[in-house]
Amino acid sequence: MIDDLAGSPDRRQTLKCMLWAGTGVLWTVAGGVPASRLIGSAKAAESGVSFVQISDSHIGFSKPANPDARATLDAAIDKVLAMPGNPAFMIHTGDITHTAKPQEFEDASQMIGRSKLDVHYAPGEHDILDPATRTAYLERFGKGATGGGWYSFDHGGVHFVSLVNVVDLKKNGLGSLGADQIAWLDDDLKGKSASTPIVLFAHMPLWMIAPEWGWGTEDSAQALALLSRFGSVTVLNGHIHQLMQKVEGNVTFHTARSTAFPQPAPGTAPSPGPKLVPAGELRKWLGVREVAYTVSPTELAVTDADLA
């Protein structure tokens, strides 16, 4: 299966949302135009970089949708260890734990540590339930971060920005960045050339997928406006436990599967929450992601693989 979305700007603008399930999908992006095909893995050229994304591990969750979230996180790390592309590091886009208990954080750290990769975290709302758990999260996963836990770093010619949108939740649980973080982002991007590839990652989506379910970030438009001058912007998030993709101008948005349990697609259930699937099918709904960036020609490939 090949979906070639190249064409006129109008055609690209009409691409609102694409939902993927099943085996890995490789996204190759050049000039802001994505194409997809089923593939085994994405590899960066020698001049590029590849990294891994996992999300929504929910260590401590043990309800019927997945009685053992630890086992499926272990399976996800096994997938990472088997990747042929030698990823440079890992990002985790939040909900590391389910109830932010110290033992849950400790167990998650030990299991994720098996990957032997440096890990860059963004918190989920399950990791920051109150001021005490927020402090505990920052002490373990946010050392060196600014303000409420946001930070940036550069790797292989790509500028990475980790944002926090789970502290001051709005109506229906919508995410929020806040004025301080947006001002920090504005300052962080100053001095970066327009040709610098930007990768933003956060827990909640930075586009409005289902605001009635809290699947979006109230003030994301203000943050995205700061990125309008950049030629290549990729936004990675978790929270919704399924694959969805959107291209809007110079920005490509990707949501990620969970390693713990699936959630229903918007409009298919009265509300979000753990989705019960036949036990033998659970790992088809869970997965990990590898992202590869090649400096020349500018190309970014995103591979999603389930745990089955």
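The values are calculated or read from the model by the stated rules, or taken from the named source; none is laboratory data. Only a predicted model underlies this, so the values are computations on that prediction, with no experimental measurement involved. When we count neighbours, we look across all protein chains shown, and the Cβ atoms used for this are built from the backbone with ideal geometry, even at glycine.
Scanning region 119-151 for residues that are of a type in the set (D, E, K, R), surrounded by fewer than 20 Cβ atoms within 10 Å (Cβ to Cβ) and part of a helix (DSSP H, G or I) yields Glu139, Arg140. Here Ser220, Ser162 are screened, and the one residue that is closer than 29 Å to Gly60 by Cβ, out of contact with any helix residue (DSSP H, G or I) (no Cβ under 9 Å at 6 or more places or on another chain), of a type outside the set (Phe, Trp, Tyr) and in contact (Cβ under 8 Å) with a residue 60 or more places away in the chain is Ser162. Taking the criterion of being part of a strand (DSSP E or B) and either under 21 Å from Ile77 (Cβ atoms) or aromatic (Phe, Trp, Tyr) (or both), the residues of region 233-253 that qualify are Leu236, Asn237, Leu243, Phe253.
Would you confirm, using the coordinates I've provided, whether Phe230 is within 11 Å of the chain's Cα centre (by Cα), of a type outside the set (Lys, Arg) and over 23 Å from Asp78 (Cα atoms)?
So Phe230 fails the test.
Within region 260-276, the set of residues being surrounded by 15 or more Cβ atoms within 10 Å (Cβ to Cβ), in contact (Cβ under 8 Å) with a residue 24 or more places away in the chain and either of a type in the set (Val, Ile, Thr) or within 19 Å of Ala308 (Cα to Cα) (or both) comprises Ala260, Phe261, Pro262, Pro274, Lys275. The condition (being closer than 21 Å to Phe153 by Cα, of a type outside the set (A, V, I, L, M) and part of a loop (DSSP other than H, G, I, E, B)) is satisfied by just one residue among Ser50, Ser115, Ser62, Ser57: Ser115. Just to be sure before I move on: is Leu177 in contact with a Leu (Cβ under 8 Å, 6 or more places away or on another chain), of a type in the set (A, V, I, L, M, F, W, C) and not in a loop (DSSP other than H, G, I, E, B) in the structure I sent? The answer is no for Leu177. Comparison of Ala221, Ala194 shows that the only residue that is surrounded by fewer than 21 Cβ atoms within 10 Å (Cβ to Cβ), of a type in the set (A, V, I, L, M, F, W, C) and assigned to a loop (DSSP other than H, G, I, E, B) is Ala194. Within region 121-147, count every residue that is without any contact (Cβ under 8 Å) to a residue 40 or more places away in the chain and closer than 11 Å to Val167 by Cα. Of the residues in region 121-147, 6 are without any contact (Cβ under 8 Å) to a residue 40 or more places away in the chain and closer than 11 Å to Val167 by Cα. Taking the criterion of being farther than 22 Å from Gly94 by Cβ and in a loop (DSSP other than H, G, I, E, B), the residues of region 270-286 that qualify are Pro270, Leu276, Val277, Pro278. Contact annotation: residue pairs with Cβ atoms under 9 Å, 6 or more positions apart or on different chains, pairing a residue in region 185-199 that is small (Gly, Ala, Ser) with a partner that is at pLDDT below 95 and exposed (fewer than 15 other Cβ atoms within 10 Å of the Cβ), are Ala194/Gly231; Ser195/Gly231. Filter region 82-101 down to the residues that are out of contact with any strand residue (DSSP E or B) (no Cβ under 8 Å at 6 or more places or on another chain) and modelled with pLDDT of 95 or more, then identify the one that is nearest to His159 (Cα to Cα). That would be Asp95.
Filtered by the rule that a residue be among the small types (Gly, Ala, Ser) and crowded, with 17+ Cβ neighbours inside 10 Å, region 179-191 gives no residues. When every residue of region 287-303 is checked against the conditions, at least one turns out to be in a strand (DSSP E or B), under 15 Å from the mean Cα position of the chain (by Cα) and among the polar types (S, T, N, Q).
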